[in-house]
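First comes the structure, then the notes that go with it.
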There are 2 protein chains.
Amino acid sequence: MNRIITVSREFGSGGRELGRRLAERLGFEYYDNEIIKQIADHTSFSEEYIRQIIEGKTHRLYPITINNSFSYISDSHAQMVSTVYEAQAQVLRELAELSDCVIVGRCADYLLRDYKPFRIFVYASLESRMQRCMARGDGENLSESELRKMIRRIDRNRARYYGDCTGQSWGEKENYDLCINTSGREIKDLIPHLEHLL
Amino acid sequence: MNRIITVSREFGSGGRELGRRLAERLGFEYYDNEIIKQIADHTSFSEEYIRQIIEGKTHRLYPITINNSFSYISDSHAQMVSTVYEAQAQVLRELAELSDCVIVGRCADYLLRDYKPFRIFVYASLESRMQRCMARGDGENLSESELRKMIRRIDRNRARYYGDCTGQSWGEKENYDLCINTSGREIKDLIPHLEHLL
């Protein structure tokens with residue numbers, strides 16, 4: 001069975017960077033946003049609509065693409081969300097079968113549980129996450145207060161999506177093998193030592 | 001400033017072994033039960049009474065030693081608990097000033113926060129903890145159901161004591177730098193790699 005590492009992360013904690021660097025270090029495939037494109041290929045939905053669902057911020061009325069034409073949905077929202085969930089699980093299983101890999105987000109820790117992934121959760125203090133966001137230019141036009149709200153909103157959405165998809169609580173340490181607080185730490189310094197703990 | 005590592009742990013998770021092995025590996029002092037003796041030296045209380053308080057299972061009527069004679073307390077229980085807390089904080093500060101060290105339990109992650117300790121929390125699934133307890137002979141005369149209850153009771157007491165002492169939630173990952181799930185893992189295999197993450 002291939003080795004699978006899943007990385008879940010609070011927004012601004014450096015979790016994505018940690019996943020990418022870890023994959024580079026280990027010579028594993030790395031999957032993140034490309035999963036959305038693959039889900040689109042498995043369904044009739046646009047990448048944008050899938051992104052909205054996966055980021056937990058779908059609305060009941062949202063334009064979708066079916067057979068290259070746009071339409072609006074209302075009634076069958078729940079059915080579509082369910083279709084995306086199923087496609088997501090299918091895509092993840094296909095990737096897990098292909099090769100050793102690191103997967104960031106996408107509820108992979110839960111959806112790939114039969115593959116016994118090593119499950120990492122990356123978190124940090126709100127202050128540290130704001131600093132990291134500012135350093136990388138996320139929300140560069142926002143005030144501090146607006147940035148704080150944005151971080152909280154994104155995490156609230158992630159938690160809701162994860163909860164809907166898995167029935168578990170996002171970020172609850174019992175669901176992970178290792179939880180790393182990156183407050184005041186350089187991600188690249190953690191990688192050489194982290195690989196041996198997997 | 002000396003390097004301080006604190007280890008908090010669920011009962012049966014192997015946290016104490018992890019702390020001891022880590023101290024050996026790093027050449028740091030290791031403190032655990034001896035702290036109770038030192039608190040006794042700082043107060044008029046017996047080691048047994050201090051242990052009861054620290055393990056979160058004090059009763060309102062409990063024999064204590066004052067000037068080498070036994071007596072029973074009732075009214076000033078809260079005051080005595082507070083005295084133990086203060087003595088504990090004092091002992092921990094004295095140890096932190098002495099040398100680099102690893103301290104298991106005793107709310108040291110919170111009480112030594114001014115020393116910027118590296119704070120580890122060790123946890124595991126209930127099943128894994130039961131196996132570890134049975135392997136080391138803890139609760140050897142208990143049925144599985146009794147052992148499960150014992151583990152839960154000990155952790156409930158630890159959580160209460162920690163909460164009373166710190167105003168924080170025991171085991172909440174935000175209060176730690178690294179949380180390690182030891183389910184199905186050998187503690188000794190973790191140590192060589194863990195030291196570099198501190």
Worksheet item: Can you pull out the residues in region B:23-42 that are farther than 19 Å from B:ARG119 by Cα and either in contact with a strand residue (DSSP E or B) (Cβ under 9 Å, 6 or more places away or on another chain) or of a type in the set (S, T, N, Q) (or both)?
Response: B:GLN38, B:ALA40
Item to complete: Please identify the pairs in which a residue from region B:1-30 that is without any contact (Cβ under 8 Å) to a residue 12 or more places away in the chain has its Cβ atom under 8 Å from the Cβ atom of a residue that is among the hydroxyl-bearing types (Ser, Thr, Tyr) and open to solvent by 30 Å² or more (accessible area, probe 1.4 Å), counting only partners at least 6 apart or on another chain.
Response: B:GLU24/B:TYR30
Response to the item:
Matching residues in region A:178-198 (in contact with a strand residue (DSSP E or B) (Cβ under 9 Å, 6 or more places away or on another chain) and touching a residue at least 24 places away in the same chain (Cβ under 8 Å)) number 10
Discussion item. Can you pull out every residue in region B:119-144 that is over 20 Å from the mean Cα position of the chain (by Cα) and farther than 26 Å from A:LEU178 by Cα?
Written reply: B:GLU140, B:ASN141, B:LEU142, B:SER143, B:GLU144
Worksheet item: Only one of (1) open to solvent by less than 10 Å² (accessible area, probe 1.4 Å); (2) under 20 Å from B:CYS179 (Cβ atoms) fails for A:LEU147. Which number is that?
Response: (2)
Discussion item. Can you say whether B:ARG129 is open to solvent by 40 Å² or more (accessible area, probe 1.4 Å), in contact with a Ser or Thr (Cβ under 9 Å, 6 or more places away or on another chain), among the basic types (Lys, Arg) and closer than 25 Å to A:PHE121 by Cα, as far as the supplied structure shows?
Written reply: no
Fill in: Residue selected from region B:160-198 under the condition in contact with a Leu (Cβ under 7 Å, 6 or more places away or on another chain) and open to solvent by 30 Å² or more (accessible area, probe 1.4 Å), by the criterion nearest to the other protein chains (Cβ to nearest Cβ)
B:HIS193
Fill in: Condition check for B:LYS116: more than 14 Å from every other protein chain (Cβ to nearest Cβ), open to solvent by 30 Å² or more (accessible area, probe 1.4 Å) and either among the basic types (Lys, Arg) or in contact with a Lys or Arg (Cβ under 6 Å, 6 or more places away or on another chain) (or both)
no
Practice prompt. Please state which one of A:CYS107, A:CYS179 is under 23 Å from A:ARG3 (Cβ atoms) and at pLDDT below 95.
Written response: A:CYS107
Worksheet item: Among the strands (runs of 3 or more DSSP E) contained in region A:9-81, which hold 3 or more residues that are at pLDDT below 85?
Response: A:62-66, A:69-73
Worksheet item: away from chain A (no Cβ under 14 Å), touching a Cys at 6+ places or on another chain (Cβ under 7 Å), modelled with pLDDT of 90 or more and buried (at least 21 other Cβ atoms within 10 Å of the Cβ), is that true of B:CYS101?
Response: no
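The values are calculated or read from the model by the stated rules, or taken from the named source; none is laboratory data. Note that the structure is a prediction, hence the values are computed from the model and not measured. Because the Cβ atoms are built from the backbone with ideal geometry, glycine has one as well, and the counts that use them run over all protein chains shown. All accessible areas refer to the heavy atoms of the entire protein, side chains included, with ligands and DNA or RNA removed. Shrake-Rupley method; radii C 1.70, N 1.55, O 1.52, S 1.80 Å.
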